[in-house]
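The values are calculated or read from the model by the stated rules, or taken from the named source; none is laboratory data. As the structure is a computational prediction, the values presented were derived from the model and not from experiment. Because the Cβ atoms are built from the backbone with ideal geometry, glycine has one as well, and the counts that use them run over all protein chains shown.
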């Protein structure tokens, strides 16, 4: 099925959508009881069963559910679930729209009420067939009305990659396949570079029609969101791939992939400061989300790169000028502290406070001076006009978030300056910030050339040579004798860095952030609950910087 027809099929697949409007309506109107309703449902009784489901109930219910599913009896199978209308739609689509037959289900383990199992089947379409195999799991719960044991219905019961309102479909692919290559022509595959899987799907969805290929026949998950690309599960007939050149570097990507696997919930991006080209993007997350490009988290003290630029550009401070670092600082009735065990330094310069990552020094300067006052919008203006952030106009080639630096009043004005409060960033944003800081020129990051589709890239004024010189000096000081020195040790050439840790409500450990550069490569990383900047994010960035620049 061609991409242009995606919207047109909504009416025809409505009846088999995973959940969909029917699922929502059923939840609200019909399923108040949360009990199965089909002919195969467990029988009702006058006395409502209570307590945990027994092992026998789990085995009996799953056995009957699996048997009906294997026999292609969607109504009967759905009757063993707590939301039979939604279940029947998807189980029907499994055989009709997805053309999946010869289903065999084998139970792996039963732990309490959770059952893991393997599905083996065949996908057949237009005279072509391929095997399908995958693992999934389900839970058995008691129905609300009579307490009968039922399958707790989720789309993932049918396939682990299905989410609400997704559909299964077998036919002509929505987009032709692509052969993505790096900047030097090296082929990039999701098998060799796992982080690129979702990104390659996006690139195929957006550029497959113009890359010169022809579509194949495949079983795919068609996502509910119109902007989300299909996820191919089985290819029955290969199409002809069109070649798509990216800005990525295979060597930098390999280093990024390896580095993020050392830390859970980690993401990293590397860019080429002289052009804005993305050299690497990698994520190591349980949810598969491209947090490197689309994350929206407080960046901690890496934000002080922008804050320092604001102070310098507005004449409030200079790298060699005073920026005292007291133990605490109060702004709008809120008291701010430094990292534990940081010794106060009332004689500190801006460069010293930057290199040590002293929060209180920046809070003390947030109001500016009498001659050079600052206001709630000063940091916002700096971020937007100089660094190109927060205007929702980046066109990288795939989905991305452009950062957010709002004009905040009250305590959050000071919190924003140290990367907390209302500020939101991701590694892509902070890699770009680093690139702008060391070149003075904002190059909107891209993962494919703008010449591919003539899209309009974002622009910004950039920084003066004077500001760049001071920022580079402060970042080099941080990398050689400040909070980033241990991580950056052994890296030669023109180097600099900034560490960051961002506190998150309800989390015992802060998120770890790190931004750094080496020659013509700038990188930024984030590790959720990774601690200080040098603990987790720092080693990831350093690994990428070692690949060249």
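Looking only at the stretch 238-246, decide whether some residue is crowded, with 23+ Cβ neighbours inside 10 Å, assigned to a loop (DSSP other than H, G, I, E, B) and either at positive phi or in contact with a strand residue (DSSP E or B) (Cβ under 7 Å, 6 or more places away or on another chain) (or both). Walk me through it before giving the result.
Narrowing the stretch 238-246 to residues crowded, with 23+ Cβ neighbours inside 10 Å: 244, 246.
Pick out the ones that are also assigned to a loop (DSSP other than H, G, I, E, B) and you get 246.
Restricting the remaining residues to those that are either at positive phi or in contact with a strand residue (DSSP E or B) (Cβ under 7 Å, 6 or more places away or on another chain) (or both) gives 246.
Taking every residue of the stretch 238-246 in turn, at least one turns out to be crowded, with 23+ Cβ neighbours inside 10 Å, assigned to a loop (DSSP other than H, G, I, E, B) and either at positive phi or in contact with a strand residue (DSSP E or B) (Cβ under 7 Å, 6 or more places away or on another chain) (or both).
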Handout entry: Scan of the stretch 102-136 for residues that are assigned to a strand (DSSP E or B) and touching a helix residue (DSSP H, G or I) at 6+ places or on another chain (Cβ under 8 Å), ordered by number
Key = 103, 104, 105, 107, 110, 115, 117, 136
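So that you can scan it fast, the table gives a plain yes or no per residue for (1) more than 17 Å from residue 416 (Cβ to Cβ); (2) buried (at least 16 other Cβ atoms within 10 Å of the Cβ); (3) in the same structural domain as residue 410 (by TED's automatic domain parsing):
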residue	(1), (2), (3)
327	yes, no, yes
331	no, yes, yes
343	yes, no, yes
351	yes, yes, yes
Problem - The one condition in (1) outside any loop (DSSP other than H, G, I, E, B); (2) touching a residue at least 40 places away in the same chain (Cβ under 8 Å); (3) out of contact with any strand residue (DSSP E or B) (no Cβ under 6 Å at 6 or more places or on another chain) that residue 48 fails to fulfil - result: (1)
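Based on what the data block shows, is residue 270 assigned to a strand (DSSP E or B), modelled with pLDDT of 95 or more, surrounded by 22 or more Cβ atoms within 10 Å (Cβ to Cβ) and not assigned by TED's automatic domain parsing to the domain that holds residue 123? Please lay out each step first, then the result.
Details: assigned to a strand (DSSP E or B): yes; modelled with pLDDT of 95 or more: yes; surrounded by 22 or more Cβ atoms within 10 Å (Cβ to Cβ): yes; not assigned by TED's automatic domain parsing to the domain that holds residue 123: yes.
Yes.
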Exercise for the section: Only residues that are touching a helix residue (DSSP H, G or I) at 6+ places or on another chain (Cβ under 9 Å), over 15 Å from residue 452 (Cα atoms) and crowded, with 17+ Cβ neighbours inside 10 Å: list them for the stretch 183-211, please. Expected result: 188, 193, 195, 196, 199
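So for the stretch 225-232 (the condition being part of a loop (DSSP other than H, G, I, E, B) and touching a strand residue (DSSP E or B) at 6+ places or on another chain (Cβ under 7 Å)), does at least one residue qualify?
Yes: one or more hits.
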Exercise for the section: Specify the residue that is farthest from residue 241 (Cα to Cα); the eligible residues are those in the stretch 206-227 that are touching a residue at least 60 places away in the same chain (Cβ under 8 Å) and over 22 Å from the mean Cα position of the chain (by Cα). Expected result: 219
Practice task
From 347, 288, 321, grab the single residue that is at pLDDT below 95, farther than 24 Å from residue 422 by Cβ and assigned by TED's automatic domain parsing to the domain that holds residue 386.
Solution key: 288
Practice task
Restrict the check to the stretch 378-386 and report whether at least one residue is on the phi > 0 side of the Ramachandran plot, in contact (Cβ under 8 Å) with a residue 24 or more places away in the chain and assigned by TED's automatic domain parsing to the domain that holds residue 478.
Solution key: no
Problem - Residue that is touching a strand residue (DSSP E or B) at 6+ places or on another chain (Cβ under 9 Å), in the same structural domain as residue 537 (by TED's automatic domain parsing) and farther than 27 Å from residue 528 by Cα, where the choices are 275, 261 - result: 275
Completion exercise
Scanning the stretch 47-69 residue by residue, the ones that are touching a helix residue (DSSP H, G or I) at 6+ places or on another chain (Cβ under 9 Å) and closer than 18 Å to residue 116 by Cβ total 6
Practice task
Report, by residue number, each residue of the stretch 337-351 that is within 8 Å of residue 325 (Cα to Cα) and either under 33 Å from the mean Cα position of the chain (by Cα) or not in a loop (DSSP other than H, G, I, E, B) (or both).
Solution key: 345
